[in-house]
Amino acid sequence: MRRNPKHSRTTHTLLFENNFLYGASCAPYAKSMDWPMEEWGRDLAAMKKMGFSIARIFVPWDRIERREGTLDFSKQDHFMDLAQKRGIGVLLNVGGVFDCLQGIYPPPWLARVYPVHAAQYDPRIAEGHNNSRVCVCLDDEIYREKAFAFIARAVRRYADHPAAAGWMVWNEPGLSPCYCAATAARFRAWLKEKYNGNLDKINRLWGSEFPLEYDDWEQVLPPAGVGFRDGGLNAWRDWQEFTEFRMTDSMLAVNRIIKANDPHRHPTTANICVNHGVEGHLAFIRMSEVCKALDIMGYSYYTVAHGECKSLTPFLKALQVDSFRWYSREKHRRTLVLETEAGPNLYMITEAQRRLNNWLAIGHNAKSIVCWNYRSRISDNQVGNFNLMAWDGSPTRRAKHHAGMAKVFNRHAHIINNCFPKPEAAVLVADALTRLAFATHVSAGPGYWNHAEMDQVFKSRKGAFKLLWDMNIAADGLAEHNLNDIGKYAVVLLPMIENMTPEIADILRKYLAGGGTLIAESPFAFKDENNFLIGHAPIYGLEKVFGARTRDREGRESAPDIVYPDGARSNVFFLWHAYELITGKAIASYADGRAAIVENRFGRGKAIVAGTEVFRQYLDKPEEATAGFLRRAVLAAGVRRTAQVIIDGKALDATGVEICRLEGKPAIIYIALNHNEAPVTFRLKIRGSGKGWFDLETGKAVVPGGEITLPPLGVLAFAKNTRTSK
Ligand SMILES: [Zn+2]
C-alpha cells in the first residue's frame, strides 16, 4: 500500500468546482459477493467515459478481518489505485451501516471470542446469537472499542491516497430501542447526567402514571411502553430521547475518529434515508444533532424502487429532498445525493422520473448524484436489481441516459455548484417538540408500536410546508441547530406545537419583537416541556405575544363554522379552541361570535393564532376560505415567491408546477418542474429581468414570460450569468 505523506489533497477532495459529482456505488461492498476484481479496471474506465467522477465503496471490518488479527485490505487497495488511475474520487464508507457500528455485520468471531451483548429489541425476550448473523448491540463496550480501532486504522490507511475524496460516517442510520444490559446501564448513566444525579426528580417526573420511589439508580429500568399498563409519559419520552442519543453519539464518535486520523481532513458525510430528514423520529434520528457529525449532509434518494411511489406525492418528494439542506453544516448548505435507484427493483424508475428527480435534487441544493448500484452484486437476494450497467458491466440504455445528464451537469458544474436556494420563510420543526409529540401520540407495548395517531398529527407540519410549496415560496425547517438564525426569515409557521419549552418561547418572543411574523395553529403550546398541562394556552408568556389565550377545546362534532370578515366560511378540522382576547383582535370568528383567529401586534412584529389545525386541514382537506386567509397572511409578511406561475392569464397556486430558484456569484438558476402526469402550458413571472436566460440542457434562449409547455414530469432548467445581468 502506497503512503505518500507529501501528497496534498488536491486530487480529489469534494471541491465543488468545475466538475459535478456524478457517479455510482461500486464493489467492494459490505455484504454479499462482489463482481470479479479483474473487471474493475474496465468498469472504472467505462465510468470515466460516461462523465462520472465519483465512486462509493465500503471498508467493512467483517470481510477485512475475517480472523482476529489478520487483515486483508487488498480489494479496497486495488479499487483505490484503479480510481486514481482514472481520475475518479472515492467516498469510503468506513463507519456504520443501519444499526451496526461498522459495516453491516460485526465479525462473527467477535461474538464467539468475547462476552459481547446481543441486541435485544423485545423487552420480554432475551435475544442471543442463535444464527450465523451476529447482532451485537452498539452500546457494548468491547464492540465499541474494537470497531472504533478498526475505523481509525482504515482511515489512516486511505487518508493519504490521492483517490480519497471523503468519508462516509454511516450508511442509512436507524436504531430501535434496545433492552440489553449494556444499553440499560448506559441509559442509567445518561439519566444521571440529564437529571444531575437527582433521583427524586425521576420519581416525580416518571411517577406521573403510577407512584415511583426509586432510592437507588440501579432500580431504574427502561420503560416498555406508555399508558395504563406500561408507565409514565416522561419515562417514555426519556427512553426515546436516549435512543436518539445512542444513534447520534455513535455517529459523532465515528466522525471524531475520522477527524483524528485524517491529516487532510477530507469532508465527512452520510446517506440518511430520504424520509428521515423530515421524519427522523421514526428511526430515532435526531436531525438537529446528527447533522453535527457530518461536514456535508447527504441522503439516500429512493422514490419508486421499494414501492415509495405508492405514497410519495410530488410535494412530499420535494419536501424530503429539501429537508437535508436545512441540516447541512456546509457553509452554503450544499447536500449530496449518495444513493439513488438506478435499475429495476419492485418498481423501475423511468427516464422521465429520473430526469425530474435529478433536477429536483439540484433545485434543492444537491451537488452530487451517486447511483445505487453501478453493477449488480452477484449472490444475494438483490441479484439483478438496482444495477445501472448490465450484468456483465456493459452499458445499458439507462446508463447512457445517466451519462447524458452527467454531461449537462458537468458542463454547468461551476454555476450549479455555486448557486443556492435562499429561503425567506421557515417552519418550526424543533426536535424537542417532535419528541414530546411522538411520546404522546405513539403508543407501544411489548412487541408493537402504533404510529397511526402520530401520522395524523404530523400532517400539520407537512401541511405548513405544503402551503408554502404550493405558492412556490422556498422554506427552511428550523430546529435546534439553526433556531438562532430565525431573524432572517420574514415569516415562521408554527404547526404541531402542542408543547412549549421556555427556551423556544423566548426565541419566538424575541423574533416577534424584532419584526417577524408568526402564524400558529391550535392546539398551540398548551403543555410544558414535561408534558404537564398548565391551565391555559399558550404558555410561557406567549399569551402576551399572541395577545390571546384559551382554556379549553372541543371536537369538530360540536363546532360552529369559522366566519371570515368577507362572510366566507370554513369548517374547523378536528379540535377547535375559542380564544379570549388580551391585546389581540379577532380577524375571524366562530359562528357563535367567539374569536377563532386572533392577530396581535407585538414589538415590531405580528403574531397570528388560529383556533383549529389549519395546516393539517390544508394538507388533508383544504377549506378555500382558510387556505386563502393563510396565503394572504404569508404574503403580507413580505415573503417572495421564487416565481409566479401564470396559466391562461391567471396567477395560480397549487398548480403542481414547482419553481426552484438558486442564486450565487456566477449565476441565477431557475428550475421549472412539472410534477403533473399531464402536460402544462404556463408563463412565469420571475424576479428581475426577463432577458438573457438560456436553457441549461440545449443552450437555447429562454423567455420566462413567454409560453412554456412542459410534458408530464417535464423539466425546464434555465440560467443566466450574473455578470451579464443587472
Ligand atoms: Zn443494547
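Some observations on this one:
- Here Phe210 fulfils each of the conditions (1) away from the ligand (no atom under 16 Å from the Cβ); (2) in contact with an Asp or Glu (Cβ under 9 Å, 6 or more places away or on another chain); (3) in a loop (DSSP other than H, G, I, E, B) apart from (2).
- Any hit, the stretch 151-162, residues being within 16 Å of the ligand (Cβ to nearest atom), assigned to a loop (DSSP other than H, G, I, E, B) and of a type outside the set (S, T, N, Q): no
- Residue in the stretch 257-271 that is of a type in the set (Lys, Arg) and more than 21 Å from Ala119 (Cβ to Cβ) present: yes
- Taken together, the residues in the stretch 51-70 that are touching a helix residue (DSSP H, G or I) at 6+ places or on another chain (Cβ under 6 Å) and more than 25 Å from Ala270 (Cα to Cα) amount to 1.
- Test: residue in the stretch 171-194 that is more than 16 Å from the ligand (Cβ to nearest atom), surrounded by 15 or more Cβ atoms within 10 Å (Cβ to Cβ), on the phi < 0 side of the Ramachandran plot and without any contact (Cβ under 8 Å) to a residue 40 or more places away in the chain: yes
- Subset of the stretch 647-661 (residues that are closer than 13 Å to Asn472 by Cα and surrounded by 13 or more Cβ atoms within 10 Å (Cβ to Cβ)): Leu652, Asp653, Ala654, Thr655, Gly656, Val657, Glu658, Ile659, Cys660, Arg661
- Reported count of residues in the stretch 19-31, each being small (Gly, Ala, Ser) and under 13 Å from Asn387 (Cβ atoms), is 3.
- Hits in the stretch 385-415 - residues which are farther than 20 Å from Asp695 by Cβ and among the β-branched types (Val, Ile, Thr): Thr396
- Lone unmet requirement of (1) within 16 Å of the ligand (Cβ to nearest atom); (2) in contact with a strand residue (DSSP E or B) (Cβ under 7 Å, 6 or more places away or on another chain); (3) more than 17 Å from Asn530 (Cβ to Cβ) for Pro223: (3)
- Exclusive hit being crowded, with 22+ Cβ neighbours inside 10 Å, of a type in the set (Val, Ile, Thr), in contact with a strand residue (DSSP E or B) (Cβ under 8 Å, 6 or more places away or on another chain) and touching a residue at least 60 places away in the same chain (Cβ under 8 Å), set Val321, Val274, Val337, Val290: Val290
- Selected residue (only one of Met50, Met80 is in contact (Cβ under 8 Å) with a residue 40 or more places away in the chain, of a type in the set (A, V, I, L, M) and either more than 25 Å from Asp160 (Cα to Cα) or within 16 Å of the ligand (Cβ to nearest atom) (or both)): Met50
- Glu145 passes every criterion in (1) more than 16 Å from the ligand (Cβ to nearest atom); (2) assigned by TED's automatic domain parsing to the domain that holds Ile54 apart from (1).
- Any pair with Cβ under 7 angstrom, 6 or more apart, that starts in the stretch 420-445 at a residue that is surrounded by 23 or more Cβ atoms within 10 Å (Cβ to Cβ) and ends at one that is of a type in the set (Phe, Trp, Tyr) and at pLDDT 95 or above: Ala425/Tyr489; Ala426/Tyr489; Val427/Phe465
- Test result for Tyr143, in contact (Cβ under 8 Å) with a residue 24 or more places away in the chain and either assigned to a loop (DSSP other than H, G, I, E, B) or crowded, with 22+ Cβ neighbours inside 10 Å (or both): yes
- Residues that are under 20 Å from Pro495 (Cβ atoms) and either surrounded by fewer than 23 Cβ atoms within 10 Å (Cβ to Cβ) or outside the structural domain of Thr583 (by TED's automatic domain parsing) (or both) within the stretch 548-557 comprise Arg549, Arg553, Gly555, Arg556, listed in sequence order.
- Candidate set: the stretch 101-123, residues that are touching a residue at least 60 places away in the same chain (Cβ under 8 Å) and within 15 Å of the ligand (Cβ to nearest atom); chosen: the one farthest from Arg63 (Cα to Cα): Pro123
- Of the residues making up the stretch 176-199, not a single one is of a type in the set (A, V, I, L, M) and assigned to a loop (DSSP other than H, G, I, E, B).
- The number of residues in the stretch 73-103 that are assigned to a loop (DSSP other than H, G, I, E, B), of a type outside the set (S, T, N, Q) and either buried (at least 24 other Cβ atoms within 10 Å of the Cβ) or in contact with a Gly (Cβ under 9 Å, 6 or more places away or on another chain) (or both) comes to 4.
- Boolean, Lys691 is part of a loop (DSSP other than H, G, I, E, B) and either over 24 Å from the mean Cα position of the chain (by Cα) or not polar (S, T, N, Q) (or both): yes
- Matching entry among Tyr579, Tyr564, Tyr590 (being under 18 Å from Pro523 (Cβ atoms), touching a helix residue (DSSP H, G or I) at 6+ places or on another chain (Cβ under 9 Å) and surrounded by 14 or more Cβ atoms within 10 Å (Cβ to Cβ)): Tyr579
- For the stretch 461-474, the criterion of being in contact with a Cys (Cβ under 6 Å, 6 or more places away or on another chain), not hydroxyl-bearing (Ser, Thr, Tyr) and not assigned by TED's automatic domain parsing to the domain that holds His332 is met by no residue.
- Of all residues making up the stretch 663-684, the number that are of a type in the set (A, V, I, L, M, F, W, C) and closer than 19 Å to Thr698 by Cα: 6
The values are calculated or read from the model by the stated rules, or taken from the named source; none is laboratory data. Predicted model only: the values in this text are computed from it and were never measured. Note that each Cβ is placed from the backbone with ideal geometry, even for glycine, and that neighbours are counted across all protein chains shown.
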